[in-house]
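What follows is one structure encoded as structure tokens, with my remarks underneath.
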Amino acid sequence: MDTFMAASGPGKDSYAPTIFDFAMAGGKFVSLTSDAGFVELIKAVLYQVLGLSKKSFVQLSRLEDIYHLLRKDSEGRYVICLERTAAGVNMAQVMEGIVHICPGAKIIVLTQEVDKFSTALLVEHGAHNIITKPISIASFTEKLAFTIAPQGKLSRLIEKGKKFLDAGNWGDALMVAEEILEQKHDSAAGFMIKGDAYKGLEQVGRAEEMYLRAINSAELYITPLKRLAELYEQSGDRDKQLIFLRRLNEISPLNTQRILQIGELEISRGNAGRAEEIFDQALDIAQREAAGMISALSSRIADICVNLNPDLAARYSKKALDMKGGEISAADIATVNVLGISLRKQGKWREAIAEYSRVLAVVPHHAGLLYNMALAYSEGRESAKALEMVRRALECDPNLPASGKNVAFNIGTIFQKGGQNGTPYFKKAYEQDPNDQRLWEALKRSQTMHPGQDQNP
């Protein structure tokens, strides 16, 4: 690492004034790293090279401290240096959380080594710059300046165009884009600004043309591919959307959320085998990050599949629960419900009951779980057990029939099959949708079977 050079002001370095002016305008530099050498480098640049006050730099040890700092000053100007594996958490979620709290924050990710795919993922999730350690004072100063503000005339024009876009000044953005393209005729950024402006003006055809030109100008440029995928999603052209999502995945294959999008499109097209391969890819990526992320992804996949492919939904629900190491909690209720529904759709009602029982041992008074267990028993023609479960559900939540016409109808049916009066529940179902002929007929049949017995049994 370079020897630290002291100075009393901005110094002679052409990048130093950008950093100095940022700090003088109230900007702060924040670090979350256990690398003592890197912390000393930051201090050397800020204190010795630039002569800034110690108030300009904040060293933190916990992610919670960063969130707390930003919440107190969400409009503030910050440059935040984070380790790639900060506190062992998923970096994408961390960066998205930072940007959500403080949209103006600039993020620099610190890493020992990074491949092109990891770089692409980090940029997608909000990294403004990536620093591979070790780094010299001169290189760090340059990286810091470029993170704070664009350097050079062309970069400043690009920044100007983006500001016009943020403000919805489409015409001004178009004029700036033309200036950019005059300076650099194949500027991907210039085409992107034109595309975004045309999109804002609802000139979809022109926007599409500009995004395609941006792609041709920069082979590995992610943003125009994302814009085109979004454009085709909005227009309902799922085939083209899938094409550009796949191209994005070739460049940045570690983005699990996009992989899920691709899988969802594949399964909606009836390609269950292909979807399964894609979902497994997402899980393989997640496994390298954290077990908790795998569980969340599995649950999301199960949600996607529950109505389209119950078998896959059951597989991924089980995977989500297995990642808990056998420890089921109240937080897993939604996943267990998806698993149970998926099993029941396959006629596996006994297996569904077994899964419901696992979580009911933890939360025995959950009306929704008891209701679903009642449905499973009913599907297995165990009418007495179904009636017992639905009565327990109603004890836990007397308003359960009001939660939906189908819920009320199913409760009435379970009472009826158990030899009891289901009329009050058929009546509640019909009241929620008087136009549903099925509900009207069920109510009339029940009233005929139990004349003058409209009270809750």
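Some notes on this structure:
- When Q234, Q257, Q261 are checked against the criterion of being in a helix (DSSP H, G or I), within 21 Å of the chain's Cα centre (by Cα) and surrounded by 15 or more Cβ atoms within 10 Å (Cβ to Cβ), a single residue qualifies: Q261.
- Scan of the range 411-446 for residues that are over 44 Å from the mean Cα position of the chain (by Cα) and surrounded by fewer than 15 Cβ atoms within 10 Å (Cβ to Cβ), ordered by number: G419, E441, K444, R445
- Whether a residue is more than 21 Å from the chain's Cα centre (by Cα), among the small types (G, A, S) and assigned to a loop (DSSP other than H, G, I, E, B) was assessed, and G104 does not pass this test.
- Residues that are modelled with pLDDT of 90 or more and more than 27 Å from Q346 (Cβ to Cβ) number at least 2 in the following helices (runs of 4 or more DSSP H) confined to the range 377-457: 383-396, 423-432, 437-449.
- Residues located in the range 44-62, provided they are buried (at least 18 other Cβ atoms within 10 Å of the Cβ) and either in a helix (DSSP H, G or I) or in contact with a Gly (Cβ under 8 Å, 6 or more places away or on another chain) (or both): A44, V45, L46, V49, L50, S56
- Selection status of D172, part of a helix (DSSP H, G or I) and surrounded by fewer than 24 Cβ atoms within 10 Å (Cβ to Cβ): yes
- Cross-chain or 6+ apart pairs with Cβ under 8 Å, the range 135-148 first and under 17 Å from G27 (Cα atoms), then assigned to a helix (DSSP H, G or I) and modelled with pLDDT of 90 or more: T141/I19; T141/V45; L144/I19; L144/V45; A145/I19; I148/I19; I148/F22
- I215 falls short of the stated requirement of being surrounded by 15 or more Cβ atoms within 10 Å (Cβ to Cβ), β-branched (V, I, T) and in contact (Cβ under 8 Å) with a residue 40 or more places away in the chain.
- Taking the numbered list (1) of a type outside the set (F, W, Y); (2) more than 14 Å from I66 (Cα to Cα); (3) in contact with a Ser or Thr (Cβ under 8 Å, 6 or more places away or on another chain); (4) at pLDDT 85 or above in turn, C102 passes all entries but (2).
- Selection within the range 175-186 - crowded, with 19+ Cβ neighbours inside 10 Å and touching a residue at least 24 places away in the same chain (Cβ under 8 Å): I180
- Residue among A361, A402, A374, A367 that is buried (at least 24 other Cβ atoms within 10 Å of the Cβ) and at negative phi: A374
The values are calculated or read from the model by the stated rules, or taken from the named source; none is laboratory data. Only a predicted model underlies this, so the values are computations on that prediction, with no experimental measurement involved. As a convention, Cβ positions derive from the backbone with ideal geometry for all residues, glycine included, and neighbour counts pool all protein chains shown.
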